[in-house]
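The values are calculated or read from the model by the stated rules, or taken from the named source; none is laboratory data. Please read all numbers here as calculations on a predicted model, not as lab measurements. With ligands, DNA and RNA removed, areas are computed over all heavy atoms of the protein, side chains included. Shrake-Rupley method; radii C 1.70, N 1.55, O 1.52, S 1.80 Å.
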Amino acid sequence: MKARQVLLAACLLLAGIAIAPWLRTPAAAPDSVQTGAASPLRQFELNDPGPLDGYGQAIQRPVFVASRRPAVAPAANSSRSGEVLLLERYPVVGVVIAGPQRLVLIRKAAGDTVSRIKQGAELDGWTLTEVSRERLVLEKDGNRKQVSLQNNASTTD
């Protein structure tokens, strides 16, 4: 019985030693180090990113572009060789024919924005009346323009 009481006392003593650090109140941390440096919490304000002048390198070398160079917009009137132009100003990116739905993908601006023009829709006053793999037909006030498409990939079905 005496051994059991000694073991119980030793367990209680060790448990008290283990719990003691959590029972003490922590000492107040100083706001800044005595060397004159600001505390890390005051040095980095996450809600205030600072003036935009400090982000020049991030703009000149974009993070999410593989070459780390800003994209160069092509000239508005420059056309690539072999590129088909719709109404002499819109490069044709592609033609989509899916069942009854027929549309043309064109690049409207100098950027990379691609627009979809459905068959029967208007573009600069011209109505897109026919969309096929070989050609596009536009009509306006009795006038008819036919745009032949190049690079037709022939498929064997």
When the stretch 61-79 is examined, which residues are found to be hydrophobic (A, V, I, L, M, F, W, C) and modelled with pLDDT under 65? 72, 73, 75, 76
Working carefully through the options 58, 3, find the one that is modelled with pLDDT under 75 and either outside any loop (DSSP other than H, G, I, E, B) or closer than 30 Å to residue 123 by Cα (or both). 58
How many residues does the stretch 41-54 contain that are open to solvent by less than 100 Å² (accessible area, probe 1.4 Å), in a helix (DSSP H, G or I) and modelled with pLDDT under 75? 0
